[in-house]
Structures are given as structure tokens and as C-alpha cells.
Amino acid sequence: MTLKNLHGDNPAKASSSHEADAGDSHSRSLKTDPAALATTDELKQLHLLKSVDPSVVEAVLGDCPVQELMPDETLIKAGEASKHLYLVLSGRLRVHLSPQDASPVAVIEPGESVGEISIMDHQPASANVIADTRARVLVVDERTLWQLIQRSHAVAYNMLFTLAQRLRYGNSVIHQIKKLLREYEYDATVDPLTGLYNRRWLDNMLMRLMQRCRSSHQPFSAIMIDIDFFKQYNDTHGHIAGDRALRTLSHCLMNNLRPKDLMTRYGGEELIALLPGSNLEDARQVAERLRIAVGLADISLSDGTKLPSLTISLGIAQMHPDDTPERLIAAADAALYRAKRGGRNRICD
């Protein structure tokens, strides 16, 4: 097949072209080096040239070189300027955000292209493009690409279609990245055993919550909670039972808070409830509800084996105008210590 009938010219014209080119062993293939030839079959599959007049292809792309790549050879390096469009004739390329990435973010197959974004915005490449297999690519410089676009509306349409796909894929990648970031953020701020916010979240958020209540002239209180004799419970029943008990009591506490209240695991068997908009009397009522609920909670292993119930001691403190997070927690912790010293399973302020 000659370049003239690349996209299905009139058979009679194709035949006459073939006769005129009878002495050309490569049927007018794009050629700059005897060892690197773009065959008509390879050109036929290029998405950019779909429905393009073959005479335009021949006239504009006739001097474009073909680059041969060995497996794992880098074609485009992230951070470096690239002024060429690469059309994949054969083989496969892979795209990595960094050279160390184990998995590619995209794979470029025969017929597809890479490098068009850099030509359009004149910015350094944002990813590494590496040969996955032995590959051949037609190298089109910026000037040649614009000549091709100016001479063929089909090329312009095909380029717009390709760029639209790139944008859609980019939006999909951004959506996936956002999802991963949400998952990482969740993992970084939520205790995996109890499902409660962890100490890191508390350190980041407590000051904001206190300032929000100050600015709206609302009270703010905290309840420090400790599971009574939990070390002895672990020693007697085992750490699996202890984990089960801690998870059960954490869920019980959460289910007995108001929607606006928050619960965190401070460390070990110590928990803190944060009560925006609550004064000391409000906090005392919430604490009593939590104390009663925990005492009534059923604790069992995954196989249904019943475990002994537990109790909690609670210390409450209300934010003062000049309190820092450290002072508020220290006040609640001091109140908790008084509750434990007073016999446990009780509330102190």
C-alpha cells in the first residue's frame, strides 16, 4: 500500500500510484534513515492522522525522523522541556510520575501519541515516558505539527479529541488522588482500634474548636475518661478481650453523645469527650449518661463469649477565657484523678 491510498483513496488512483511507484520498495514510506522507516501500515493506525489527506501527510511529515527505543529507555524525562510530539508506530510506552514508581499511571499503545501538552503550554514535562517494550516513534517537532494542523482540519479535530481525552483522564486521576488523600487523612486522624479520633487529630483541632466557641461567645467543656482497672482486665482476660472491651466501650460512648459532641482516644484506655456549647452543668449531665451507659454495656468476644462489664471514671472541666488546650486538658485530667482517688466509677470536676 502506498502513502497515497493510506486512508482509502479511489482504487483506480491507488492502482495508478502503485504503478508509478513500482520501483520504490518501501512505497513512498516516510524515511530519514535507511534503518528507520515509517511504513504505511504504521501511519495508518495513527489517531492523529485519521481522515487526513495522504498528500498532506506526505508533504508535511516526509522529513520527520523515526526514533527506535529499547525496553526501559527514557523518551521524555520529567522536569525537562520537550518540543516534540511522539507518535507511537510500534511497541508500547509507559508513563511514570517519577522514575521510582512501581506502576505506571498510563500506557501508550501503537497509534497513540505523547508530548502534545508540552508543545501546547511550553512547560517542562510533568512525567517520565519510558519504553515498556522495543518501540518505534515518529518524532514531530513543534513547527511541523502546527503546519500539519494549519493544512488539515482533520488533524486539528483529532488533536482536540486527544487533548479532551487527556483532560478527562487527568480529571479521573485527580479524583483518584483526592480519594486517596481522604483515605490517608482518615488513617492519619482516626484510631484503627476504636474508630475514634486520635491524639494527632486532637492536637490539631482542639485549639480551633476552643477559638470557635470563644468567637461565638459559647461555653466549651471537656470530659477526661478512664476505664477503671483496665490493666487488670487485660492481665486477667488477655489483650484480645481487652481490645474487644475497648472497642465496645468506645462505640457505646459515641452512641451516647450528642451529634455536635466529639470523642477522641487520648492514649491507652484514656478518652476525651469534647463538648462545644456546653457549660459545666451540661458536661456533668453528659458524663453521667456516659457513665451509666458503659456500666450497662454488654462485652463479648467475636465467638459470643461473654466478658465482664467495666466502669469508667470521668473528670470534667469548662474552658476559661484565657485557657489553652493544655490547660483545659490538665484541668480535666486533675478532675479525673480526683474521681479515681475517690473510689472510681464516678464524676468529678
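Quick notes
- Evaluated against (1) open to solvent by 40 Å² or more (accessible area, probe 1.4 Å); (2) of a type in the set (A, V, I, L, M); (3) closer than 24 Å to Asp322 by Cβ, Leu209 falls short on exactly one condition, (1).
- Among the residues of segment 278-331, those that are aliphatic (A, V, I, L, M) and open to solvent by 50 Å² or more (accessible area, probe 1.4 Å) comprise Leu280, Ile292, Leu296, Ala330.
- Summed over segment 46-76, residues that are at pLDDT 85 or above, under 29 Å from Asn128 (Cβ atoms) and open to solvent by 20 Å² or more (accessible area, probe 1.4 Å) total 11.
- Test: Thr248 is among the β-branched types (Val, Ile, Thr), open to solvent by less than 10 Å² (accessible area, probe 1.4 Å) and at pLDDT below 95: no
- Residue satisfying all of: in segment 93-139; charged (D, E, K, R) and part of a strand (DSSP E or B); farthest from the chain's Cα centre (by Cα) among these: Arg136
- Any hit, segment 132-142, residues being farther than 23 Å from Ser55 by Cα, open to solvent by less than 20 Å² (accessible area, probe 1.4 Å) and either out of contact with any Lys or Arg (no Cβ under 6 Å at 6 or more places or on another chain) or at pLDDT 90 or above (or both): yes
- Qualifying residue in segment 163-178 (condition: modelled with pLDDT of 85 or more, of a type in the set (Ser, Thr, Tyr) and either on the phi > 0 side of the Ramachandran plot or part of a helix (DSSP H, G or I) (or both)): no
- Pair list, Cβ under 8 Å, 6 or more apart: segment 277-288 residue within 24 Å of Ser215 (Cα to Cα), other residue aromatic (Phe, Trp, Tyr) and crowded, with 21+ Cβ neighbours inside 10 Å: Gly277/Phe220; Ser278/Phe220
- The set of residues in segment 212-230 being touching a residue at least 40 places away in the same chain (Cβ under 8 Å), part of a loop (DSSP other than H, G, I, E, B) and either open to solvent by 70 Å² or more (accessible area, probe 1.4 Å) or closer than 12 Å to Pro308 by Cα (or both) consists of Gln218, Phe229.
- Gln285, sole failed condition from (1) within 13 Å of Ile225 (Cα to Cα); (2) over 40 Å from the mean Cα position of the chain (by Cα): (1)
- Index of the failed condition, Val88 passing every other in (1) in a helix (DSSP H, G or I); (2) crowded, with 20+ Cβ neighbours inside 10 Å: (1)
- Within the option set Val114, Val129, Val95, being more than 20 Å from Cys64 (Cβ to Cβ) and either in contact (Cβ under 8 Å) with a residue 12 or more places away in the chain or open to solvent by 20 Å² or more (accessible area, probe 1.4 Å) (or both) holds for one residue only, Val95.
- Figure legend. Inter-residue proximity from segment 142-153: first residues β-branched (Val, Ile, Thr), second residues crowded, with 17+ Cβ neighbours inside 10 Å, beta-carbon distance below 8 Å, spacing 6+ or different chains. Indicated pairs: Thr144/Val60; Thr144/Leu61; Thr144/Cys64; Ile149/Val155; Ile149/Met159.
- Selection from segment 184-204 of residues that are in a helix (DSSP H, G or I) and open to solvent by less than 40 Å² (accessible area, probe 1.4 Å): Ala188, Thr189, Trp201, Leu202
- Sub-6 Å Cβ pairs linking a first residue in segment 264-276 that is closer than 8 Å to Ile225 by Cα to a second residue that is open to solvent by 40 Å² or more (accessible area, probe 1.4 Å) and of a type outside the set (Val, Ile, Thr), at least 6 apart or interchain, are Leu271/Arg265; Ile272/Tyr266, ordered by first then second residue.
The values are calculated or read from the model by the stated rules, or taken from the named source; none is laboratory data. All figures in this text were calculated on a predicted structure; none of them were measured in a lab. Cβ: placed from backbone, ideal geometry, glycine included. Neighbour counts: every protein chain shown. When the accessible area is computed, the model is the full protein with side chains, heavy atoms only, and any ligands, DNA or RNA have been set aside. Shrake-Rupley method; radii C 1.70, N 1.55, O 1.52, S 1.80 Å.
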